[in-house]
Structure formats: structure tokens, C-alpha cells
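Written out below as C-alpha cells is the structure these notes cover.
The values are calculated or read from the model by the stated rules, or taken from the named source; none is laboratory data. None of these values were measured; they are calculated from a predicted model. Don't worry about glycine lacking a Cβ; one is built from the backbone with ideal geometry, like all the others, and counts go over all protein chains shown. Ligands, DNA and RNA are stripped out before the accessible areas are found, and what is left, the full protein with its side chains, is counted by its heavy atoms. Shrake-Rupley method; radii C 1.70, N 1.55, O 1.52, S 1.80 Å.
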Amino acid sequence: MKSLNKNYLIPIIVAVPMLSMKTYPMLMTTLGGRDTWIAVIAATILLLVFCLLVIKAFKANNHDDDLKDIYCNSLGKPLGTLFIIFFAICLILTLIECSSVEANLLHVNILFETPQWYFIAFFLIPTLYTVYKGEGAILSVTLIGIPLIMLSGINLSSLLIKYRHARYLLPILKNGFDKNLLICSLKGFAMYSGFGIVFPIINKVKQKNKLAKPILIGLAILAEIQIFTTIGLLMTFSEKRLNNMYYPRLIQTQLINYFDFIESGEFYVLFQVVGGWFIKYILTFYSLQILIKYSKLDKKYTIYVISAIVFIASYFLSKNTVILFRALNYYTYISFANFIVFPAIIFVIYILRSRTKKI
């Protein structure tokens, strides 16, 4: 496919920023406590403002500049190329995040005796096959997988209703919108930074003057998922208990028991988490491939070299959960810089220069 239908952006936008906050919310709840859901709302509003800037920038792209051209036209070729390299490196770090979190989660919560390298290999081989099959396979998996993951989430939420207690959310804003809640909101915005993975893909959409509708629809679905998931976790566990859990969604599903027949909903979360990280991984690799095609690194064995790097890094990170979460904390700030802060500055410059040229 040389170009994409604009509506394909809806499931893509839902997929890429969703997993980080859903899988390891402890990075936020340790700051926001029972008011973390308010911080998620604030972070979503910040993401909306950023999305409006992205829409404006790509609408100003009258010459169908790719992301590298946008960076170079805004900053000059040397500096623009440097920041594109940073962007590509951050995509590779995102691949490592996907693989290491998936392996560590399954090892810690499901199959403790199974080594991490096995989970990583079991994850990377199918993703490598999907990426090797090309754009059609990547988009097909995304378009089928995301609606199924959403249906699974709705079903799981209905089963967990009786285990949720509104009193765990009270009192709301006991300390007001204090420093911790402000930092939590900014951290939530940083954990949404996976949205930046979409930038190389957006350029493949022909109708850039009609980007607003699919992006805002995708953002609305994403906001609903994140806000209600966070509220659900806080209503299931007390604040102190939740802050001591690395992967609370899997523990949450173990509460389910109806008629001594329907119990332990791990399948739902495993389907959402493993399937979700799989989709995020292949979409990240897809964006990386788009960037690589404009460089001298577009070689036959590039995807295998990158996969080998991801395997090695993921193996060492996933072996220790404490080290992994420290690395994820650092990664959150790195991705925030490369996927949101730098692009925001560059897009503003690009919009202003486009207006100057029109005058």
C-alpha cells in the first residue's frame, strides 16, 4: 500500500499510547494516590491540545513532506537529521519496552518457572514474521486485534463490577491539586507519549485536511479506556495496596468468581496485554521501517539486526523487576522528550514557516 485510509488511524491511535499506563500504573499511583484518575483526565486534556497541534502541522504539509523533511525544514538539515536519529532510537527503545514488559509480566504472574528468554523468543518470532510480511499484515492484525481487545475489556469490566467499591476513591482531592498530583498529571502525559509513534504513519495518509476526525475519535476512545481503567483499579484496591503491585490488572482478575464456575479472568487480561503489546510492537516497527527507508540503512537484514538488539536488551532488563521498573521510569521521560516535547517545538516552527511561505 502506498497510502492509508484516514480511518485506519483510529485503531492505531488507540493501540500505541494505551499499554504503558494500563500495564504499569504504579508509576502514576505512587504520586497521585486515590486521585490518580483526576491526573489521567488532566493528562488526556494535555494530549488533546498536543493532538490539535499535530493536526495543524500535518495540514500545513502541502508538499507531502515526510517526517524527516518536516524536521529538516524546521531545524535545518544537520540538526533535523540529528533529531530524527533520536526519534528512531526512541522507537527502538519502545520495541525493547514492549518485549521486556511482556516477558517480565508473564514470568512474574503466570509461569514463574519459565525463563524470560523463552517468553521473549515466543514474542519476537511472531512479531518478526508479521513485520516481514509487510504493511498489509501489520494493519490487518491491528484492525482485527484492537476491536477484540476492546470487547474483552468491556466484558472484563462487567465481571468486576461487584468487586469495586466507590469508598476507595474518597475523599476526592483531600490535599487539593497539590505538587504530587501536578507531577502525576505530567507523568501521565509522558506515558501517553507513545502517540508519537503514529507520526511516520500519518504521513502515509493522503487526505491530510481530514485528519482531525479520525485522530479525535481515536483519542476519545483512548481517553475512555484509560480513565475508566484507572478508576476501576482504584475502586478494586485501596491506595496503599495498589502502590505495592507491579501489574495490578492481572491480580484484579483473580477476584472473579461467579457460581463457583466462572472464575479467574486472567485470560481477558492476558489477551489484552499480550495482544496489545504485540500490536504496539509491530506498529512501532512499522514506523521505524518508514524512517529507515529514507536512510542508507534500508538493507535486507536490518529488521533481523534490530530484533537481535531488542532480544538481548529485553533479556537483561526483564530478569529483574525492580531494575525493569527503574528503566521504564527513565524511558517514560526519554519518550516524552522525543515523542512530544521535541516534535511540539518542531511542529510549531514548521507551522510558522509554512505560513510565512504562503505570505
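Key figures for this structure:
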{"item": "Helices (runs of 4 or more DSSP H) fully within region 198-280 counting 2 or more residues that are open to solvent by 50 Å² or more (accessible area, probe 1.4 Å), farther than 19 Å from ALA39 by Cα and in contact with a Leu (Cβ under 7 Å, 6 or more places away or on another chain)", "result": "none"}
{"item": "Inter-residue pairs, beta-carbon under 6 Å, first more than 20 Å from ALA220 (Cα to Cα) and in region 147-165, second open to solvent by 60 Å² or more (accessible area, probe 1.4 Å), 6+ apart", "result": "TYR163/LEU255"}
{"item": "Selected residue (only one of VAL54, VAL14, VAL40 is in contact with a Ser or Thr (Cβ under 7 Å, 6 or more places away or on another chain) and open to solvent by less than 60 Å² (accessible area, probe 1.4 Å))", "result": "VAL40"}
{"item": "Qualifying residue in region 172-182 (condition: crowded, with 18+ Cβ neighbours inside 10 Å, at pLDDT 85 or above and not aromatic (Phe, Trp, Tyr))", "result": "yes"}
{"item": "Where LYS77 falls short, out of the listed (1) at pLDDT below 90; (2) open to solvent by 60 Å² or more (accessible area, probe 1.4 Å); (3) within 30 Å of LYS210 (Cβ to Cβ)", "result": "(3)"}
{"item": "Some residue of region 57-64 being closer than 30 Å to ASN243 by Cβ and acidic (Asp, Glu)", "result": "no"}
{"item": "Residue check for TYR8: within 19 Å of the chain's Cα centre (by Cα), open to solvent by less than 10 Å² (accessible area, probe 1.4 Å) and of a type in the set (Phe, Trp, Tyr)", "result": "no"}
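Per-residue answers, yes or no, for (1) open to solvent by 10 Å² or more (accessible area, probe 1.4 Å); (2) under 30 Å from LEU324 (Cα atoms):
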site: ILE70; (1), (2): no, no
site: ILE89; (1), (2): yes, yes
site: LEU93; (1), (2): yes, yes
site: CYS98; (1), (2): no, yes
site: GLU102; (1), (2): no, yes
site: VAL108; (1), (2): yes, yes
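Here is a yes/no grid of residues against (1) closer than 17 Å to ILE201 by Cα; (2) aliphatic (A, V, I, L, M):
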site: ASN5; (1), (2): yes, no
site: MET21; (1), (2): no, yes
site: MET26; (1), (2): no, yes
site: LEU31; (1), (2): no, yes
site: ALA43; (1), (2): no, yes
site: ILE70; (1), (2): yes, yes
